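J.: One structure follows; several queries about it will come next.
The values are calculated or read from the model by the stated rules, or taken from the named source; none is laboratory data. Keep in mind the model is a prediction, meaning the values are calculated, not measured. Methodologically, a virtual Cβ is constructed for each residue, glycine included, from the backbone with ideal geometry; neighbour enumeration extends over all protein chains shown. In case anyone asks, the SASA skips ligands and DNA or RNA and just uses the protein heavy atoms, side chains included. Shrake-Rupley method; radii C 1.70, N 1.55, O 1.52, S 1.80 Å.
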Amino acid sequence: MTTLTPHPLRRVLNDEAHARPYASIPSPARLTSLTLYYDYDDASQREALVDLAQALGLPAPAGNAAHYTAYAGDLTVRWSLHAEFARYTFILAGDFAEPFDRTALDRLPARWLDRLPGQVLVALHAVLLKGGSASSPDEIAARWFGGGELIGSRIGDGNGIAYTDLQLHPDPRLSEGFSRYVVLDEDMGPNQSGRMLQRLFEIETYRMLALLALPIAKEQMRELDRLDVVLRSLTERMGKPDSRDAQLLAELEDLSTRTEQLISESQYRISATRAYYSLVERRIGELRESRLPGMQPFHEFMERRMAPAMSTCDTVVKRQDRLTDRLQRSTALLRTRVEVLHEEQNRALLASMDRRAAMQLRLQETVEGLSVGVLTYYAVSLLSYLFKAAKAAGLHVNAELATGIAIPIVAVAVWYGVRKVRDGLGH
């Protein structure tokens, strides 16, 4: 029997299609969702889940699991791990009196909640009611939202209605409070109710994650204004004839370094913001919402509130790019000018060297002439003594005449010898 060889990632890729399945939630039910932002330490998140499972007597989660679902009576515990956040969803099925006074969190160990790792980015309570069991939107707003203006729409092709005000309402477990959602199940059923609620929770989570870049963008906008002023001042100084190019170049390099620091500080967060905003838009589209009379739907609210924030982030990225381009052009221009100046200095230096070489050549020729004269003088002097000695020895030699005749001969011989020596040194 032939044994086929599977791809090492086949199981992982296949199971990815079933990751984080939707819950089936019959109405009525109360839900609480917590999104914990953590700094790349998923080990502590997994340990917290193990502690919760032990405290509630639930099956232990797999060591490398990215999602977990378990049931403790009427309480459902759902957990999912993502790149930079973990989300818990607690579902408490059955009737209730006041959904936001007694929530699913009351079923959890208080000690576990106090030790929960990470920072709470999203905390919300939701209630799923049977259609027809709730009052009018105004009464819902007055009863559960403090009379504030609601955001809402029909969802799931009109089979349900969702209301919220996206405000933080007081809760003893969190000083800043919890958001609230009210969802009416008119004809959704447990499966569609679970999908719609999960999409609402994801919209809130991705909305908050997308807005994490906004404070960074606002802070960098001021810093970019300052850098832009500095660059403009440097550019103006470059145009002055008495500018010190080396100092200007050093200042431009410092400015480039600071710009690169700004980009590195914001690049990941702003890129993540665009991805999260795309997820918000996708999840809103999956709600398949239709407008309720006189009420702002989710897509309109998100567009009006988030689009300016996204534009701010995009503007910061564009300004970073423009500043980088200007710095590159200014640096290239200044470097070119410095190189041209160096070339001019080099040409002047070479010309000076040529003049020195010509002077040295003339001096050498002068020295050669003097050397020929000196050597001729000494050689003729020696010959003169020789001629006088020969005359004294009795030879018929006219010493003065012989000395005179020897002068041109010796001079030519010395000149020729000096030229040969010089030519030999030249080679």
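J.: Do we have ARG87 as closer than 23 Å to ARG180 by Cα and open to solvent by 30 Å² or more (accessible area, probe 1.4 Å) here?
T.: Against the criterion (closer than 23 Å to ARG180 by Cα and open to solvent by 30 Å² or more (accessible area, probe 1.4 Å)), ARG87 does not qualify.
J.: Out of segment 87-123, which residues are more than 19 Å from LEU58 (Cα to Cα) and not in a loop (DSSP other than H, G, I, E, B)?
T.: Listed by number, the residues that qualify are ASP114, GLN119, VAL120, LEU121, VAL122, ALA123.
J.: Within the set of pairs 6 or more residues apart or between chains, which connect a residue that is part of a loop (DSSP other than H, G, I, E, B) inside segment 61-74 to a residue that is of a type outside the set (Ser, Thr, Tyr) with Cβ atoms less than 7 Å apart?
T.: Qualifying pairs under 7 Å: PRO61/LEU49; PRO61/VAL50; PRO61/ALA53; ALA66/ALA19; ALA66/LEU81; ASP74/LEU92; ASP74/ALA93; ASP74/GLY94.
J.: Mind listing just one residue for me: the one in segment 397-427 that is over 22 Å from LEU382 (Cα atoms) and either modelled with pLDDT of 75 or more or of a type in the set (A, V, I, L, M, F, W, C) (or both) and, of those, farthest from the chain's Cα centre (by Cα)?
T.: VAL421
J.: Looking at (1) closer than 30 Å to LEU197 by Cα; (2) part of a helix (DSSP H, G or I); (3) open to solvent by 30 Å² or more (accessible area, probe 1.4 Å), which is the only condition GLY294 fails?
T.: (2)
Yes or no, residue by residue, for (1) within 28 Å of GLU286 (Cα to Cα); (2) surrounded by 10 or more Cβ atoms within 10 Å (Cβ to Cβ); (3) without any contact (Cβ under 8 Å) to a residue 60 or more places away in the chain:
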position	(1), (2), (3)
ALA23	yes, yes, no
THR32	yes, yes, no
SER44	no, yes, no
ALA53	no, yes, yes
ALA97	no, no, yes
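J.: Still on this structure: For the list (1) surrounded by fewer than 19 Cβ atoms within 10 Å (Cβ to Cβ); (2) touching a Cys at 6+ places or on another chain (Cβ under 7 Å), I need the number of the one condition that ALA217 fails.
T.: With respect to (1) surrounded by fewer than 19 Cβ atoms within 10 Å (Cβ to Cβ); (2) touching a Cys at 6+ places or on another chain (Cβ under 7 Å), ALA217 is out only on (1).
J.: Sort out which residues of segment 202-221 are within 15 Å of CYS313 (Cβ to Cβ) and either charged (D, E, K, R) or not in a helix (DSSP H, G or I) (or both), and write them in order of number.
T.: Selection gives ARG207, LEU212, LYS218, GLU219.
J.: Continuing with the same structure: Which ranges mark the strands (runs of 3 or more DSSP E) fully within segment 125-179 that have 2 or more residues being buried (at least 20 other Cβ atoms within 10 Å of the Cβ)?
T.: In segment 125-179, 151-155, 160-164 are the strands (runs of 3 or more DSSP E) which contain 2 or more residues that are buried (at least 20 other Cβ atoms within 10 Å of the Cβ).
J.: What are the residues in segment 180-196 that are in a helix (DSSP H, G or I) and either charged (D, E, K, R) or touching a strand residue (DSSP E or B) at 6+ places or on another chain (Cβ under 6 Å) (or both), if any?
T.: Those that are in a helix (DSSP H, G or I) and either charged (D, E, K, R) or touching a strand residue (DSSP E or B) at 6+ places or on another chain (Cβ under 6 Å) (or both): SER193, ARG195, MET196.
J.: Out of ASP106, ASP74, ASP101, report the one residue that is in contact with a Gly (Cβ under 7 Å, 6 or more places away or on another chain) and open to solvent by 40 Å² or more (accessible area, probe 1.4 Å).
T.: The match here is ASP74.
J.: So GLY285 passes all but one of these: (1) within 24 Å of VAL183 (Cβ to Cβ); (2) surrounded by 13 or more Cβ atoms within 10 Å (Cβ to Cβ). Which condition number does it fail?
T.: (2)
J.: Do we find that LEU252 is in a helix (DSSP H, G or I), over 20 Å from the mean Cα position of the chain (by Cα), within 26 Å of THR312 (Cα to Cα) and modelled with pLDDT under 90 in this structure?
T.: The answer is no for LEU252.
J.: Which pairs do you get when a residue that is free of Cβ contacts under 8 Å to residues at least 24 places away in the same chain, found in segment 167-186, comes within reach of a residue that is hydroxyl-bearing (Ser, Thr, Tyr), reach meaning Cβ atoms under 8 angstrom, with the pair 6+ apart or on two chains?
T.: Taking only residues 6 or more apart or on different chains, the pairs are GLN167/SER179; LEU168/SER179.
J.: Consider THR315 carefully, then state whether it is at pLDDT 90 or above, open to solvent by less than 30 Å² (accessible area, probe 1.4 Å) and either of a type in the set (S, T, N, Q) or within 19 Å of GLU219 (Cα to Cα) (or both).
T.: For THR315, the condition - at pLDDT 90 or above, open to solvent by less than 30 Å² (accessible area, probe 1.4 Å) and either of a type in the set (S, T, N, Q) or within 19 Å of GLU219 (Cα to Cα) (or both) - is not met.
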